[in-house]
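Any read-out appearing in this document is the output of simple, stated calculations on the displayed coordinates, not a laboratory observation. Quick caveat: nothing in here was measured; it's all calculated off a predicted structure. Here the Cβ is made from the backbone with ideal geometry for all residues, glycine too, and neighbour counts use every protein chain on show.
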Amino acid sequence: MEGGSMLGSPPRLKLSDLELIKIVGKGAFGSVGVVKVKKGSPKHPWNISGAQMAIKIFRKDNLRERAPNVTRAKADAVREFLPNRERRNLSMLEWHPFIAGMYACLQDSKNLYLLTELGHLGSLKELIRDRGPLPTSVCRFYFANLVLALEFLHGNKLIHCDLKPENIVIGADGYLMICDLGISGFRDEKRNWNLVGTTEYTSPEALKGQVQEEIVESVDWWALACILYEMATAKLVFWNLEGELYGEVAQKQNMDLVRRIIACEWSWPTNMEIDPVLKNIVERMLHPDFEKRIGCIVPMLEQDEGPLKNEEIRAHRFVRKFPWKKMGRTGLVAPFAPTHVPDASEEEWHTHPLPQQKDVPGLVVVEPSHQIRTYKRERKKKIQGRQEYEE
């Protein structure tokens, strides 16, 4: 409906309503930024304090062309996933507090844009990097948070397929939101569920090509166990010894990583104390025998049977007494919750420069009032002499 919709909702956002104030990440096919509704006349209802959103920017020329080292099949798959599949997946879901929902899809002559909820406090990966290992109580809170998010997705028959800390953001209220549903799929789709996602969080069955439709949800629950381990230790449960490598060496390292995941070869760090009940739930969720692994299969419910619940996970001592209903209403005080909504336009540290105006013709690029400093060099100094958590 032009200019607005029924029930008194605000008018639809247009690119001309938005100001790009920050870039928070870049990839092969585009970037992710932060936008806010610009001040002007007439004033848009979303022009309020703290009303900032994430925006995914997909360059059309990058979607049309493929890099020399990318196969045509992979390039075609990426074009399907970015951004069409993510837009479809998000548009078919009701709003949920633990899923970064979609506001709008927009375009100009150079780019496609996907406007979504913003994780004001950054990603879970950044939190683990800066504050990890996390206390057991924090691990329990975030774990329960993600259990409810996966129950919602799976209740809608949507499988995330690439659950990892980079794809989990922290909202202004301190709660986690799952994002990046670009390679997610509905369980009744005719598609390949194997070898999808990030290797370090991929289940043995997926790596062996043995994921069938009746067990497809298991890939997300395996990834959740890997994330719980990572929160508790600030390390990857399955990690690459040499970090980022290239060529034949990288290929050998990746083959060894795959071998260790299939064999379930992993261990707990010996230099830290970890809650034994937390260790038990991780060990049972990462059990090498699929039949003995808890929480990996959740029976699908009929429409009138209420919301889906992973009863095996909920019954474990680690979360048995957790106040699930209060969590679902966001009625608990989240760890690291800020006293006010952060404003990205006031942040001094930027990880990436803003694009030139000609590269995002439909948006207004707003230069910050203060001098931008990128923190890559300072970050290297800060972490010099200590091991990165992902190594």
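A few points about this structure:
- Remark: the Lys309-Glu346 segment gains 9.2 nm on full extension, using 0.36 nm per residue and subtracting the alpha carbon distance.
- Inter-site label distance for Lys39 and Gln356 at 7 Å from Cα along Cβ, in nm: 2.9
- Our estimate of slack between Glu166 and Glu265, defined as 0.36 nm per intervening residue step minus the Cα-Cα distance, is 33.3 nm.
- Region 131-287: C-alpha gyration tensor shape, a/c 1.5 cut-off, then a/b vs b/c: oblate
- Ranking of Lys208, Lys309, Lys36 by count of other Cβ atoms within 10 Å, fewest first: Lys208, Lys309, Lys36
- Between His350 and Arg373, Thr374, Tyr375, the built amide H atoms are under 5 Å apart, and every one of these is 5 or more places off in sequence or on another chain.
- Pairs exceeding a 20 Å alpha-carbon distance, out of Lys208/Lys292; Lys157/Lys190; Lys279/Lys326; Lys235/Lys325: Lys279/Lys326; Lys235/Lys325.
- For the listed residue pairs Lys39/Lys125; Lys56/Lys110; Lys26/Lys252; Lys36/Lys110; Lys38/Lys110, the alpha carbons are over 23 angstrom apart in Lys39/Lys125; Lys26/Lys252.
- Using C-alpha pairs under 8 Å with a sequence gap of at least 6, the mean separation divided by the residue count of region 124-328 gives a relative contact order of 24 percent.
- Per-residue Karplus couplings for region 330-338, computed as 6.51 cos²θ - 1.76 cosθ + 1.60 with θ equal to phi - 60°, are listed in order as 6, x, 9, 6, 6, x, 6, 5, x Hz, Gly and Pro entered as x.
- Ordering Ile215, Ile261 by the number of other Cβ atoms within 10 Å of each residue's own Cβ, fewest first, gives Ile215, Ile261.
- Between amide H atoms placed 1.01 Å from N, distances below 5 Å from Val364 occur with Leu18, Leu20, all of them 5 or more places distant or on a separate chain.
- Of Ile281, Ile274, the sequence from fewest to most neighbouring Cβ atoms within 10 angstrom is Ile274, Ile281.
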